[in-house]
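Taking it in order: structure first as structure tokens, then the write-up.
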Amino acid sequence: MENQNKKTVLITGASRGIGRAIADAFAKEQYQLVLNCHSSGSELNAYATSLEKTYGCNCLTCIGDVSSPSFIRQMFEKARDRFGGIDVLINNAGISHIGLLHDMTDEQWQQILNTNLSSVFYCSREAVPYMIHQKSGRIINISSVWGVVGASCEVAYSATKGAINSFTMALAKELAPSNIPVNAIACGTIDTAMNSCFSEEERHALEEEIPCGRYGTPQEVAALALSLATSSSYLTGQIIRLDGGWI
Ligand code: NAD
């Protein structure tokens, strides 16, 4: 087993975008990393190697689908074998779906629900027993402002993020006696591949609506996640909007 004095963070959806930036921020702080993604295994493995070289940290990569409970079970087993347990769980993996609700198929509905929401349940269920045993740990969920106010043409996505927000508030109450804060970061528009569907013109129009006048960066989300990993455990059950004053 690797160094048990070091803390271990597990980040889902770490091959790119926000998850990748979070991995970088925690690697810099000498955390041991368990990194997951679904379809970009070679990219994630190369990234893990570069983090190990740059920061001298230990990385375990687990390629698989977060919507599969059996995969999640195996991922946590591997993480426990290698590092002993997860101190910080970051539920980041997610997909979006843009379109009218009445055009959505059963399969699309199930896929977004399972990827965005059920994964948070599966990972938390695996992480919590060790954290309760240690009487410490952190759960940070990457959510969206659409989970707070809802978005037209993103009903299913908004529903998953709204559910993550209530999951966060409820689990925070359940785990506060065990000294385990649970918080969510409700992102506004962050500059990642998830928003590559917008044209330059649409991007410009969107930026004009945001009081800060720009998209947020994955590094800004990562900095907030890192601060939530070390903040007072009295800060729990919060849905923190990181949106440039947008909503
Ligand atoms: P992204 O598309 O750049 O990255 C998503 C990551 O999730 C990738 O690593 C991908 O491999 C992984 N992933 C997707 N489906 C998966 C699955 N089934 N199993 C395992 N991994 C899977 O997106 P991003 O912008 O970095 O988004 C990260 C999180 O932030 C998501 O939960 C998203 O909803 C949330 N968010 C993003 C924005 C934004 O504007 N970018 C806004 C609000 C919330």
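Laboratory data are not the source of any read-out in this text; all were calculated from the coordinates shown. Computed from a predicted structure; not experimentally measured. All Cβ positions, glycine included, derive from the backbone under ideal geometry; neighbour counts span all protein chains shown.
Structure notes:
- Nonlocal amide H pairs with Leu60, under 5 Å, H built at 1.01 Å: Leu33, Val34, Leu35
- Only helices enter the 222 nm calculation for the chain: every DSSP H run of n ≥ 4 contributes -39,500 (n - 2.57), and dividing by all residues gives -14500 deg cm²/dmol, rounded to 500.
- In order through the range 153-168: 3J(HN,Hα) via Karplus (6.51 cos²θ - 1.76 cosθ + 1.60), integer Hz, x for Gly, Pro: 6, 9, 5, 5, 4, 4, 5, 5, 6, x, 5, 4, 5, 6, 4, 4
- Pairs from Lys135/Lys173; Lys28/Lys135; Lys6/Lys173; Lys53/Lys135; Lys6/Lys53; Lys6/Lys135 whose Cα-Cα separation, in the structure shown, is over 23 Å: Lys28/Lys135; Lys6/Lys173; Lys53/Lys135
- Counting every pair of alpha carbons in the range 10-115, the share spaced more than 25 Å apart comes to 24 percent.
- If R0 equals 45 Å, the separation of the Cβ atoms of Cys153 and Gln4 corresponds to a calculated FRET efficiency of about 0.40.
- Extension gain (nm, one decimal) between Ser233 and Ser166, 0.36 nm per residue minus Cα-Cα: 22.3 nm
- For the range 110-115, 3J(HN,Hα) computed residue by residue from phi via the Karplus equation (6.51, -1.76, 1.60; θ = phi - 60°) reads 5, 5, 6, 5, 5, 5 Hz, glycine and proline entered as x.
- Residue by residue, the range 21-36 carries 3J(HN,Hα) couplings of 5, 5, 4, 4, 4, 6, 4, 4, 8, 6, 6, 8, 10, 10, 10, 10 Hz when phi is fed to the Karplus relation 6.51 cos²θ - 1.76 cosθ + 1.60 (θ = phi - 60°); x denotes Gly or Pro.
- Estimated FRET transfer efficiency (Glu174, Ile240; beta-carbon r; R0 30 Å; 0.05): 0.95
- For the range 146-212, the alpha carbon positions stretch 49, 24, 21 Å along the principal axes, listed from largest to smallest.
- Relative contact order for the range 130-194: 44 percent, from Cα pairs under 8 Å spaced at least 6 residues apart, divided by residue count.
- Shape summary of the chain, radius of gyration then Dmax from alpha carbon positions: 17.3, 52 Å.
- Over the range 41-182, volume per residue of the alpha carbon convex hull, in Å³: 127 Å³
- Each principal axis of the range 168-247 carries a Cα extent, and these read 49, 21, 20 Å when sorted largest first.
- Approximate shape of the range 74-124 as ellipsoid semi-axes (Cα gyration tensor, √5λ), whole Å, largest first: 31, 10, 7
- Here Gln110 and Met194 are evaluated by their C-beta separation; at R0 = 22 Å the FRET efficiency comes out at 0.65.
- In percent, rounded to a whole number, the relative contact order of the range 12-85 is 28, using alpha-carbon pairs under 8 Å and six or more apart.
- The range 27-167: relative contact order as a whole-number percent, Cα under 8 Å and 6+ apart: 23 percent
- Cα centroid separation - the range 140-181 against the range 45-109, whole Å: 18 Å
- For Leu242, residues with placed amide H under 5 Å, excluding near neighbours: Ala186, Cys187, Gly188
- Rg/Rh for the range 196-239, where both radii come from Cα atoms and Rh is the Kirkwood radius: 1.17
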